[in-house]
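Quick one: the structure is below, and I'll ask about it shortly.
The values are calculated or read from the model by the stated rules, or taken from the named source; none is laboratory data. Please read all numbers here as calculations on a predicted model, not as lab measurements. Quick reminder, even Gly has a Cβ in these numbers, built from the backbone with ideal geometry, and neighbours come from all protein chains shown.
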Amino acid sequence: MTALRGATRRFPAGILVAIRDGKILHIRAGSEPHRFIGIWVVVVEGRVFVRSWSLKPRSWYRTFLKEPRGTIQVAGREIPVRAVQTRSERLKDAVDRAYLEKYKSRGAIKYARDLGRPKSRATTTELVPC
């Protein structure tokens, strides 16, 4: 994953709203052919962030570490993205809060809290359109 000082590209407003309002983002990490998987996503300061709950060897997160390009499905479109590792503690704090606010149902809150723990917090990744 690459480090980027401030996102240089942003998603169009309509796509950003669809990501913000949707509970699941369909993502395919890397360029190898495989199916899209559903993950949780939040929008903070007009930017798209994801975290990995599991750090399995063949996870989307580990794939992005090796190859930071991928694709998301939003509003009936496939959009190429680049994964950018987030270093800012301020942004990570905001992402913590966004997960807790968005995924606050009784069945989801445990996982939202887990996504704020150090292991998952360290995987905070911004998705930037290519």
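Checking Leu55 against (1) modelled with pLDDT under 95; (2) in contact with a helix residue (DSSP H, G or I) (Cβ under 8 Å, 6 or more places away or on another chain); (3) under 22 Å from Ile15 (Cα atoms): exactly one of these is not met. Which one?
(3)
Moving on. Would you pick out the residues in region 103-130 that are among the hydrophobic types (A, V, I, L, M, F, W, C) and assigned to a helix (DSSP H, G or I)?
Initial filter on region 103-130 (among the hydrophobic types (A, V, I, L, M, F, W, C)): 108-109, 112, 115, 122, 127-128, 130.
Those that are among the hydrophobic types (A, V, I, L, M, F, W, C) and assigned to a helix (DSSP H, G or I): Ile109, Ala112.
Then there is this: Looking at Arg35, Arg82, Arg87, which one is assigned to a strand (DSSP E or B) and either touching an Asp or Glu at 6+ places or on another chain (Cβ under 6 Å) or of a type in the set (Lys, Arg) (or both)?
After applying the criteria, what remains is Arg82.
Oh, and also: Go through the residues of region 63-86 one by one and say whether even a single one is closer than 26 Å to Lys110 by Cα, aromatic (Phe, Trp, Tyr) and without any contact (Cβ under 8 Å) to a residue 40 or more places away in the chain.
no
Oh, and also: Determine, yes or no, whether Leu100 is aliphatic (A, V, I, L, M), outside any strand (DSSP E or B) and without any contact (Cβ under 8 Å) to a residue 24 or more places away in the chain.
yes
Continuing with the same structure: Select from region 52-62 the residues that are in contact (Cβ under 8 Å) with a residue 12 or more places away in the chain and not in a loop (DSSP other than H, G, I, E, B) and list them in ascending order.
Trp60, Tyr61
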